Amino acid sequence: MTFFSWPLAIGYLILAPFIGGFFDGLDRKISARMQGRTGPSVFQSFYDVSKLLQKESKMVNHLQQFLVCGFLVFVVFTGVLFFAGADLLMIFFALTLAGIFYVLQASSANAPFSALAVQRELMQMMAYEPMVLLTAVGFYVVTGSFAVREISLADRSAICLMPGFFLGFIFIMIIKLRKSPFDVSTGHHAHQEVVQGLNSDLSGPVMALVEVSHWYENVFLYGVIGLFILNNQLWSVPVALVVCFLVFFLEILIDNVCARVKWQLMFRSTWIFTIIAGVINLLVLILFHLGVK
Amino acid sequence: MAKVSKSPWVLHYDGASCNGCDIEVLACLTPMYDAERFGVINTGDPKHADIFLVTGGINEQCKDVVKQLYEQMPNPKVVVAVGICACTGGVFKETYNILGGVDTVIPVDVYVPGCAARPESIIDGIVKGIAVLDQKREAMKQGKLPELNVEDISEDGKEQASANEAQNAEAETTANAGEESK
Amino acid sequence: MSMIGFLILFPFVVAILMALMKKGSLLRRYTLYLGAAIIIVCDIVFAVSTLLNGQELHFLEETHAIDHVILVGEWLLVALVCFYSFKFRKYYCALLSVVQTGAVTWLELTGKTELCPGSAHIMVDHLTIIMCLIVGVVGGLIVLYAMGYMRLYAKHHTDVPDRRSFFFAVLFVFLGAMHGLIFSDNMLWIYFFWEITSVCSFLLIGYSQTEEATNNSFRALWMNLLGGLGFAVAIIYATLQLSTVSLQSLIHIAIGGDEAAALALVPVAFLAFAGLTKSAQMPFSRWLLGAMVAPTPTSALLHSATMVKAGVYLLLRLGPAMTGNQAGLMITLIGGFTFFAASCLAIAQSDGKKVLAYSTISNLGLITACAGIGTQEAIWSGIFLMIFHAVSKSLLFLTVGAIENSTGSRNVEDMHGLIVRLPNLAYVCIVGIMGMFLAPFGMLVAKWAALISFVDSRNVLLMAFLCFGSATTLFYWGKWLCTIIAVSNQTKKIKDKTKKMQWVVLGSLAAGVILLCITFPLISSYVVEPYLADVFETGATNIIGLGNTYLLIMMVCLLLLLPLISRILGGKREVKLDLSYMGGINEGDNRTFTDSFGEAKEMYLSNWYITEWFGEDKMLGKSLILSAAVMVVLLVMIVGGVIL
């Protein structure tokens, strides 16, 4: 049976900020524990956002708020489509549009640190985009459909035939979740050259909108991870949740054991990994006529 | 709910410091002291910061920078002067290039003396700053927050001297608290 | 029929009028406006009326008289090419021209073509109607724009001799030739119009008569003449071996699947080769880049509406005949590779027109790849890519031209903060750029369908090219978009020198980009799907799916509602404007900072070009060699496989 339907999408619309925010806090807590620290409360992200909402509203120009709203709206649109069971390619295209809004927001500030982050973010998008598209293609080859609803109704979990895609997607999740070592455009580490990355010239309530957008985005990304596991059996749902949690833990582990890299290595390794994991998996599927068609 | 107090994001600025206090500020974020358990993040961006941590005295070079960073922080905001140089100018006070403590250019809310200030006292200073932050937020909600204008502060800082004396007493207690917690 | 004859001949008549008119006269201007307007209106009327009648049209079975006129016309072209070749001592062009025209003339004079069963010389189907709209409407708009642009061009470039009458005349000849090309079914006729477009592009590129322009125009000439030679070979082979000069019957034979189909592979491959040269696919991409030296309307016309579209039009027509054979393999490999390589090369360019040129080559590569796949879905997406590309790209070219007229530069770097300096042109430019690579706009929809058709054809290499190429496309468009949208405070507006007529053109093209993404399902079901149903003799398929169409329209609505949503989310909060963060040394205007001497210094934000990876010197040569090797090997295999 499938859960991907409009009720789930509405559930996502309402609950995703809470789930995303909570896991964001959990992320910080686990990271702190890995580093031998106590760390903040698991609800820290909510504290942060509500504080940001209470701060004074300051902007470099009026366009910023408009573009940040574009980011939020299209991230939410992406996630809602996903959980409603729509077409996976369509969903990824909407996500790209959201990403472009986010980049434009920083670029409109016309400030040195934002501009630096803009170019680096575009570089990151160029690095991960092939794997994102390939993932959609992989699902189509394996299940015969781009529709999330139908993919989740397959007889077998997609991961059985697309382990390479799964690994590749986990790889680019490091970029999408803005974890080191691939956080070349953001800076949540003290004292480094890009200041606060794309958020450098945002503050207060507008910044809060960006944070909420990231929560929505992260929940959607883990949804895609879950999609690799889901099939028409009920037991696949808890398994998918467990796998999502394991991936969540793995991403934190990667963040904490890897130092930051330069963009050259990030770009090269992501494309090479995409070819090794994604393209070769696809080649195997096509050559041996695996999958539905 | 006093959420602001649960999420004090810090901007750390090094004026004319000898870097002693800076090392201690960073030490606060290490596992030993773990300032993040209070929700502290070292943002490196005034637009995100609630608390402005300044180390070292102020000279002609960094005067305008400190003012601008302060102005770019959205309200409510708090300034914490870390180390004796930031409080009064310290041993450099009489030198030709030092204007004095941070309060010669922007209003300071909490003074954390020490040479170098100990991480415990810095954290205490931040916690004290959080309390001020809460007051300011309340004031802002009621629309009572005085427009803090950097221009009101005199250029040479001489007029502030008396005010400094009074506030230094407060800073001493902070430092003592730091000692006790250790 | 009379309408078709009018559409083909009328532009030639206007061209003669333009050539005879006095420099700078008011009469010339209004003749041009009137001529272009008549072409646009007639094309629309023709398209609508044909669609309402709803049947394919075939005309002119016996046309000896016209055939002879065309033969004379071909030799006139040869004379023109020879004249310029000898004048500039580029004898190889003359040789190419004489050889191919000589061969075709021999074929006709010895009566070989007479043996072919009679078929219509003029044919109209749904694909013709689409091409007719692209050529007539987009091409006509570009001509309208050219008037105002060339006036400013003549003012700025006093060193270039003012030959505007000649220029406008050639533009009209071009439109006439394109109409002829798309309406013809007889390959000899297509060949004639094909050669006219080659020579016209040569004349237009060489307009400024500088050394660079002359060299580039000859490069365009020889590459296109080489394509013409391929065309001539295809005609001769088809006549001698298959006894047909009709493109349609050639395709039918190729689809047939018997022995003749194997023979038909050779002419199909050579026609496809001709299509590759005209649509500037690697290794022939350099002529299109060289075409940048010409005034902007030329580039717009060559890149978006006419010249290169003639190449992909031919390839799309041939598409069904290339499914699953070596010709198809050649076309898909070269197209897919060109899409990827050209989009990488575009990253390293800062000249706006050059970015557009590489993006054109790249997108044409995608259309070419679709044609090479040749399945129903692939042709569907190829046709839509062609439509969307024509509108978006002509808009972008004309906008860049207008920006250059106002700011004196077409470098992307100099477009920094355009949204403050030239807001109206910036908006138009943003629409054009978004139309090129972002959902929910057209190009992306077509690209989406292309991806699906590539997956269905199970071509892994092509899928990889598309995925990686899309990523690089994202980078260079994203960069440009970001540059335009940077709000540099306290920058003065620049005087917008764009003429009223130019604004009419830009406005209608921008509206076209937005309208197309809402109305594409209608175009699909009324024009493209009937065409596919005819060609593939199967029921129409809906590739994007109705649900997704609604979602796309929803996305458009969301985009349009965004200002409102932004206001709601922003609440009633008072917004203070703040300085941008420059490490505390912002001088107070967001554009200057305090340097280490305590003095104000202008900030300069540059884009990232990554020339050490994607530079022309690093990539271009290798890509050309690789694609040339692929092409030669496959052509040899095709010819060898049939002959031996």
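Give A:Lys176/B:Lys128; C:Lys22/C:Lys493; A:Lys51/A:Lys176; A:Lys51/C:Lys492 a once-over and call out the pairs whose C-alpha atoms are over 27 Å from each other.
A:Lys176/B:Lys128; C:Lys22/C:Lys493; A:Lys51/C:Lys492
If a/c stays under 1.5 just call it rounded; otherwise compare a/b with b/c (prolate if a/b is bigger, oblate if not). Do that for segment A:199-248, with a ≥ b ≥ c from the square roots of the Cα gyration tensor eigenvalues.
prolate
Mind listing the long-range amide H neighbours of B:Asn42? Cut-off is under 5 Å, sequence gap 5 or more, other chains count too, H placed in the peptide plane at 1.01 Å from N.
B:Val10
Going by average Cβ density within 10 Å per residue, which order do the peptides C:266-277, B:25-36 take, highest to lowest?
Highest mean packing first, the order is C:266-277, B:25-36.
Work out the length of the dipole vector of chain C about its Cα centre, built from +1 on the beta-carbon of each Lys and Arg and -1 on the beta-carbon of each Asp and Glu, and round it to the nearest 20 debye.
Charge dipole of chain C: 2040 debye, to the nearest 20.
Can you give me the relative contact order of chain C as a percent, contacts being Cα pairs under 8 Å and 6 or more apart?
Contact order relative to length: 14 percent.
Can you pull the Kirkwood radius for segment A:6-287, inverse mean 1/r over Cα pairs, to one decimal in Å?
When all Cα pairs of segment A:6-287 are included, the Kirkwood radius is 19.3 Å.
Please report the equivalent ellipsoid semi-axes of the protein assembly as shown, computed as sqrt(5 x eigenvalue) of the Cα gyration tensor, largest first, in whole Å.
62, 34, 23
What does a probe at C:Lys22 reach in segment C:152-169, counting residues whose amide N is under 20 Å from the point 7 Å along Cα→Cβ?
Answer for this model: C:162-169.
Which three lengths, in whole Å and largest first, does segment C:168-286 cover when its Cα atoms are put on their principal axes?
Result, largest extent first: 53, 28, 19 Å.
Report, in degrees rounded to the nearest 10, the 0 to 90 angle that the Cα long axis of helix C:460-485 makes with the longest principal axis of chain C.
Helix C:460-485 sits roughly 40 degrees off the main axis of chain C.
Go ahead and estimate [θ] at 222 nm for the protein assembly as shown from helices alone: -39,500 (n - 2.57) per DSSP H run with n ≥ 4, summed, over the residue count, rounded to 500.
Taken over the protein assembly as shown, the calculation gives -22000 deg cm²/dmol.
Among A:Leu167, C:Leu466, which comes first, then next, by fewest other beta-carbon atoms within 10 Å?
The order, fewest Cβ neighbours first, is A:Leu167, C:Leu466.
Projected onto the charge dipole of the protein assembly as shown (+1 at Lys/Arg Cβ, -1 at Asp/Glu Cβ, origin at the Cα centre), which of A:Phe169, C:Asn224, C:Gly176 gives the Cα projection farthest towards the positive end?
Farthest along the dipole direction, towards plus: C:Gly176.
Looking only at the protein assembly as shown, where both bridge partners belong to it, what percent of the DSSP beta bridges are antiparallel (to the nearest 5)?
Antiparallel: roughly 45 percent of the beta bridges in the protein assembly as shown.
Only loop residues by DSSP count here, and only those with at most 15 other Cβ atoms within 10 Å; note down the chymotrypsin sites (Phe, Trp or Tyr not before Pro) in segment A:239-292 that meet that.
Filter output for segment A:239-292: A:Phe288.
Please grab the % of Cα pairs in segment C:140-230 that end up more than 18 Å from each other.
The share of Cα pairs beyond 18 Å in segment C:140-230 comes to 52 percent.
Which value, in debye to the nearest 20, gives the size of the charge dipole of segment A:6-287 about its Cα centre, when Lys and Arg are +1 and Asp and Glu are -1 at the Cβ?
Here the size comes out at about 460 debye.
Identify, among A:Leu52, A:Ala240, A:Leu95, the residue whose Cα sits farthest towards the positive end of the charge dipole of segment A:6-287, taking +1 on the Cβ of Lys and Arg and -1 on the Cβ of Asp and Glu, with the dipole about the Cα centre.
A:Leu52
Calculate one ³J(HN,Hα) per residue across segment C:374-387 by plugging θ = phi - 60° into the Karplus curve 6.51 cos²θ - 1.76 cosθ + 1.60, and present them in order as whole Hz with x for glycine and proline.
Once rounded to whole Hz, the list reads x, 7, 4, 5, 5, 5, 3, 5, x, 5, 5, 4, 5, 5.
Taking +1 at the Cβ of each Lys and Arg and -1 at the Cβ of each Asp and Glu, which of C:Ser457, C:Val266, A:Gln105 sits farthest along the dipole of the protein assembly as shown towards its positive end, judged by Cα position relative to the Cα centre?
C:Val266
Just want to confirm a number: the relative contact order over chain A, from Cα pairs under 8 angstrom separated by 6+ residues, in percent.
Here the relative contact order equals 27 percent.
Given the convex hull of the Cα atoms of chain C, what is a quarter of its surface area in nm²?
If you wrap the Cα atoms of chain C in a convex hull and average its projections, you get 30.8 nm².
What is the magnitude of the charge dipole of segment C:541-593 about its Cα centre, with +1 placed on the Cβ of each Lys and Arg, -1 on the Cβ of each Asp and Glu, and no other charges, expressed in debye to the nearest 20?
In total the dipole reaches around 220 debye.
Every number in this text was worked out from the coordinates using simple rules, so none of it is lab data. Model, not experiment: these values are computed from the prediction. Glycine gets a Cβ as well: all are built from the backbone with ideal geometry, and neighbour counts include every protein chain shown.
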